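Student: Supplied in structure tokens, the structure appears directly below.
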Amino acid sequence: MAPVDQTKRTFTLNTGDKIPAVGLGTWQSAPSEVYHAVLAALKHGYRHIDTALAYGNENEVGAAIRDSGVPRADIWVTTKLDNPWHKRVPEGIDASLKHLGLDYVDLYLMHWPSSTDPADLSKHHEGWDFVDTWRELQKLAGTGKVRNLGVSNFGIKNLERLLNDPSCKIVPAVNQIELHPCNPSPSSSPTTPPRASTPPATRASAAPTPPVHEPDPPRHRQGQGPHPQQVLLMWGLQKGWSVIPKSVSESRIQANWDVDGWELTDDEVAQLDAIPDRFKVCGDAWLPIRVFFGDDE
């Protein structure tokens, strides 16, 4: 069987919409860099751009989308509700749309299951949590401002709590989480929505642990195959996850797109699965509450 053309691949969400398998992440992409990164990505064929209000770069992302010449309808745009906006959902989406200069986004995510008090970021809103926030997010359905609703950084415990609450009328279309061989998130649930991952090679690029950066199937060590970033992206794609590599380098953006015509062997996937190291790049210590309970590792 011929390898899948990953750059043409999509995943069908529970709404029937199709999310591209490969997108460009913009986390930690400075406003001075992200405009050119998004332009480069769209030039090379990417059709999914992932940003967030918290990233502080929606203005530049939106400008690049408009200047790219690619029709808006052909681009999947994801953005996210920031933690201090949990009690101001209508204002949150309006702020993002204004920054982006767009009429709608294809996917709007609750960025974290942490409802932070905007008056004191070290505190959680008393008497309010992510279930209440999701109730408000659901009200955006039918407004024309969002095509799909989802969550981000939800472990199984919080996800099941949300889905089992009587107020949850819309099942999240996506749970965007950190996924890589050192945080493989093997836990699953029959009610878990499709997962979009911000994978290893980009999100974990500052981490010193070698296995994430140097997966070691022999043909890759010998320079006979894709570079380690591509290997890790393919690992996620072959698991059936949408992947969102982040870079501001045009050469790396292009290389991350070069995932057609090859695939990892079963043995190579098994080698990556067998890496024993465990770490999370983005934990919850900075939040006013704990949101990870070991069920996403």
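Student: Taking the range 246-271, which residues are more than 27 Å from residue 36 (Cβ to Cβ) and either of a type outside the set (Asp, Glu) or touching a Cys at 6+ places or on another chain (Cβ under 7 Å) (or both)?
Tutor: Those that are more than 27 Å from residue 36 (Cβ to Cβ) and either of a type outside the set (Asp, Glu) or touching a Cys at 6+ places or on another chain (Cβ under 7 Å) (or both): 261, 262, 264, 265, 269, 270, 271.
Student: Restricting to the range 83-142, and then to whatever is farther than 15 Å from residue 52 by Cα and among the aromatic types (Phe, Trp, Tyr), can you tell me which residue is surrounded by the fewest Cβ atoms within 10 Å (Cβ to Cβ)?
Tutor: That would be 128.
Student: On to the next question. Answer with yes or no whether residue 70 is β-branched (Val, Ile, Thr), modelled with pLDDT of 95 or more and within 18 Å of the chain's Cα centre (by Cα).
Tutor: Numbers: β-branched (Val, Ile, Thr): yes; modelled with pLDDT of 95 or more: yes; within 18 Å of the chain's Cα centre (by Cα): no.
When the stated conditions are applied, residue 70 does not pass them.
Student: Only one of these conditions is not met by residue 173: (1) of a type in the set (Gly, Ala, Ser); (2) outside any helix (DSSP H, G or I); (3) at negative phi; (4) modelled with pLDDT under 85. Which number is it?
Tutor: Failed condition: (4).
Student: Which residue is nearest to residue 130 (Cα to Cα), if the candidates are limited to the range 66-81 and must be buried (at least 21 other Cβ atoms within 10 Å of the Cβ) and not hydroxyl-bearing (Ser, Thr, Tyr)?
Tutor: We begin by selecting, within the range 66-81, every residue buried (at least 21 other Cβ atoms within 10 Å of the Cβ); these are 76-81.
Next, from what is left, pick out any that are not hydroxyl-bearing (Ser, Thr, Tyr): 76-77, 80-81.
Values: 76: 25, 77: 23, 80: 14, 81: 11 Å.
Among those residues, the one meeting the criterion is 81.
Student: When only residues in the range 90-119 that are outside any helix (DSSP H, G or I) and of a type in the set (D, E, K, R) count, which is nearest to residue 66 (Cα to Cα)? Before you say what the answer is, go through the steps one by one.
Tutor: So the first thing to find is which residues in the range 90-119 are outside any helix (DSSP H, G or I), and the list is 101-119.
Checking which are of a type in the set (D, E, K, R) leaves us with 103, 106, 117.
On the way: 103: 12, 106: 15, 117: 34 Å.
Step by step, filter the range 90-119, then rank; the result is 103.
Student: With respect to residue 170, is the statement that it is within 30 Å of residue 67 (Cβ to Cβ), β-branched (Val, Ile, Thr), within 21 Å of the chain's Cα centre (by Cα) and surrounded by 15 or more Cβ atoms within 10 Å (Cβ to Cβ) true? Spell out how you get there, then give the answer.
Tutor: Details: within 30 Å of residue 67 (Cβ to Cβ): no; β-branched (Val, Ile, Thr): yes; within 21 Å of the chain's Cα centre (by Cα): yes; surrounded by 15 or more Cβ atoms within 10 Å (Cβ to Cβ): yes.
Against the criterion (within 30 Å of residue 67 (Cβ to Cβ), β-branched (Val, Ile, Thr), within 21 Å of the chain's Cα centre (by Cα) and surrounded by 15 or more Cβ atoms within 10 Å (Cβ to Cβ)), residue 170 does not qualify.
Student: Now a separate question. Quick one: which strands (runs of 3 or more DSSP E) sit completely within the range 1-89 and have at least 2 residues that are over 29 Å from residue 116 (Cα atoms), touching a strand residue (DSSP E or B) at 6+ places or on another chain (Cβ under 9 Å) and not basic (Lys, Arg)?
Tutor: Numbers: elements: 10-12, 18-20, 48-50, 76-81.
Because the criterion is at least 2 residues that are over 29 Å from residue 116 (Cα atoms), touching a strand residue (DSSP E or B) at 6+ places or on another chain (Cβ under 9 Å) and not basic (Lys, Arg), the strands (runs of 3 or more DSSP E) in the range 1-89 that meet it are 10-12, 18-20.
Student: Looking at this structure, is residue 134 touching a residue at least 12 places away in the same chain (Cβ under 8 Å), among the aromatic types (Phe, Trp, Tyr) and over 18 Å from residue 174 (Cβ atoms)? Even if it seems obvious, please write down each step before you answer.
Tutor: Values: touching a residue at least 12 places away in the same chain (Cβ under 8 Å): yes; among the aromatic types (Phe, Trp, Tyr): yes; over 18 Å from residue 174 (Cβ atoms): no.
In short, no.
The values are calculated or read from the model by the stated rules, or taken from the named source; none is laboratory data. Computed from a prediction, not measured in an experiment: that's the story for all the values here. Positions of Cβ are backbone-derived with ideal geometry, glycine not excepted, and every protein chain shown enters the neighbour counts.
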